[in-house]
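Peer 1: Have a look at this one before I ask anything.
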Amino acid sequence: MGCGRTGAALATEFEARGHTVAIIDRTSDAFRRLPSGFSGQKITGIGFDRETLQTAGVEGAYGFAAVSSGDNSNILAARVVRETYGVDNVVARISDPGRAAVYRRLGITTVAPVPWTSAQIVSRLLPGGHDELFRDEAAGVVVARLSFHDAWIGRPVLELGAAVGGSVSYVVRFGDAMFPDATSALQDGDEVVVAMPIDALRQAVLTAATSPEEER
């Protein structure tokens, strides 16, 4: 639901992966954002209207993404699709992070672009710190690229992971991903990607930025 830039990009990506796609928007003019070769259904209507949803094939749908420009429309459509038609894979884009958290607790997966975008900008403007790559609020997990103190160079990669309270997913070295084992040591220029509990992130950033000798 929603054929803005995000909706059009999603519809194009899903179709490119071999899926059957239906996209809904209030105005038919919005469909001009789709590529000329798009072969899915283009339905003009209200995304939470049952007749519109049934025309789009909601009763046999595997998933539904509500990505219109309105938080209220997105959450209403997501609830109708999930609760009335029993579609399990439902995602709603919610700009208000506070409301997104509320709906996540109600069992509706939400994507809140504002906090994610601001975190990305902060990580790029300020020296050191971290670059957040993925966050799952429902599971309480975050995956982040951590900057580390030079004193960590030469020490085991897994030691850094344990020190920050997470698990090292991989290390980017000279542009290539490396999956560390017990013998892997940190080198200058490494980018370390760590999965950890969300509530451990702030302390993890501080720990990685501190000499391991100081931590002791």
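Peer 1: Of the residues Gly18, Gly2, only one is of a type outside the set (Val, Ile, Thr), modelled with pLDDT of 95 or more and either in a loop (DSSP other than H, G, I, E, B) or assigned by TED's automatic domain parsing to the domain that holds Glu132 (or both); which?
Peer 2: Being of a type outside the set (Val, Ile, Thr), modelled with pLDDT of 95 or more and either in a loop (DSSP other than H, G, I, E, B) or assigned by TED's automatic domain parsing to the domain that holds Glu132 (or both) holds for just one of Gly18, Gly2, which is Gly2.
Peer 1: Ser36: crowded, with 17+ Cβ neighbours inside 10 Å, not assigned by TED's automatic domain parsing to the domain that holds Glu132 and not in a helix (DSSP H, G or I), yes or no?
Peer 2: The answer is no for Ser36.
Peer 1: Hey, could you check the stretch 189-216 for residues that are under 29 Å from the mean Cα position of the chain (by Cα) and assigned to a loop (DSSP other than H, G, I, E, B) and say which is nearest to Arg145 (Cα to Cα)?
Peer 2: Asp190
Peer 1: From the list Ala92, Ala101, Ala65, which residue is part of a strand (DSSP E or B) and either surrounded by fewer than 14 Cβ atoms within 10 Å (Cβ to Cβ) or modelled with pLDDT under 95 (or both)?
Peer 2: Among Ala92, Ala101, Ala65, only Ala92 is part of a strand (DSSP E or B) and either surrounded by fewer than 14 Cβ atoms within 10 Å (Cβ to Cβ) or modelled with pLDDT under 95 (or both).
Peer 1: Please go through the stretch 156-184 and pick out each residue that is over 23 Å from Glu132 (Cβ atoms) and surrounded by 15 or more Cβ atoms within 10 Å (Cβ to Cβ).
Peer 2: Pro156, Ser184
Peer 1: If you don't mind, another one. Taking Thr6 as the residue in question, decide whether it is touching a residue at least 12 places away in the same chain (Cβ under 8 Å) and within 21 Å of the chain's Cα centre (by Cα).
Peer 2: Yes: the conditions hold for Thr6.
The values are calculated or read from the model by the stated rules, or taken from the named source; none is laboratory data. A quick note: this is a predicted structure, and the numbers were derived from the prediction, not measured. Here Cβ is always computed from backbone atoms with ideal geometry, including for glycine, and neighbour counts include all displayed protein chains.
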